[in-house]
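Heads up, the thing below is written out as structure tokens.
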Amino acid sequence: MAAVYLLILGFSLLGMFLCDHRWRLTFFHDARRAWLLCIACTVLFLVWDALGIATGTFFRGGSPYMTGIELAPELPVEEPIFLFFLSYLTLNLISAFRRLFSSRQESPQ
């Protein structure tokens, strides 16, 4: 059962990629900006995690669904992948909502 969480993250990223490809929301709209934002957000979240780990607020816990591989004490390998997914999801949602609301404002009532 180890690595189930990693597989779910990969499957979820694939779904985000397919939505992005279909509607050209983030990476397929402006790949340079998307990479910059996703990496910057992931790094900021990792800094947040490091501060939480250092203060004892965040800890890994035990789960049979994770690989057990840690990048640092209390920082599982799945964490940066999840944080990248979270950033990508947010960018896709913002792009989708902007497009949806701008098209509603442009259409005559």
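The values are calculated or read from the model by the stated rules, or taken from the named source; none is laboratory data. None of the values given here were measured: they were computed from a predicted structure. Neighbour counts are summed over all protein chains in view; Cβ atoms, including those assigned to glycine, are modelled from backbone coordinates with ideal geometry.
Show the residue pairs meeting these rules: Cβ distance below 8 Å; 6+ apart or different chains; first residue within region 62-78 and without any contact (Cβ under 8 Å) to a residue 60 or more places away in the chain and of a type in the set (D, E, K, R); second residue assigned to a loop (DSSP other than H, G, I, E, B) and loosely packed, with under 12 Cβ neighbours inside 10 Å.
Listed pairs, sorted by first residue: Glu74/Phe59.
Just to verify a result, which residue in region 79-102, among those that are more than 11 Å from the chain's Cα centre (by Cα) and surrounded by 14 or more Cβ atoms within 10 Å (Cβ to Cβ), is modelled with the lowest pLDDT? If you could, list the steps in order and put the result at the bottom.
Within region 79-102, the subset more than 11 Å from the chain's Cα centre (by Cα) is 93-102.
Okay, now just the ones that are also surrounded by 14 or more Cβ atoms within 10 Å (Cβ to Cβ), so 93, 95-96, 99.
Working: Leu93: 98, Ser95: 97, Ala96: 97, Arg99: 94.
My answer is Arg99.
Consider only pairs whose beta carbons are under 8 Å apart and that are at least six residues apart or on different chains; among these, list those whose first residue lies in region 14-30 and is under 14 Å from Ile94 (Cα atoms) and whose second residue is outside any helix (DSSP H, G or I) and β-branched (Val, Ile, Thr).
So the pair list comes out as Asp20/Thr26.
Tell me the residue from Ile39, Ile53 that is at pLDDT 95 or above and either surrounded by 13 or more Cβ atoms within 10 Å (Cβ to Cβ) or small (Gly, Ala, Ser) (or both), please. If you could, list the steps in order and put the result at the bottom.
Numbers: Ile39 fails: either surrounded by 13 or more Cβ atoms within 10 Å (Cβ to Cβ) or small (Gly, Ala, Ser) (or both).
Going through Ile39, Ile53 in turn, just one is at pLDDT 95 or above and either surrounded by 13 or more Cβ atoms within 10 Å (Cβ to Cβ) or small (Gly, Ala, Ser) (or both): Ile53.
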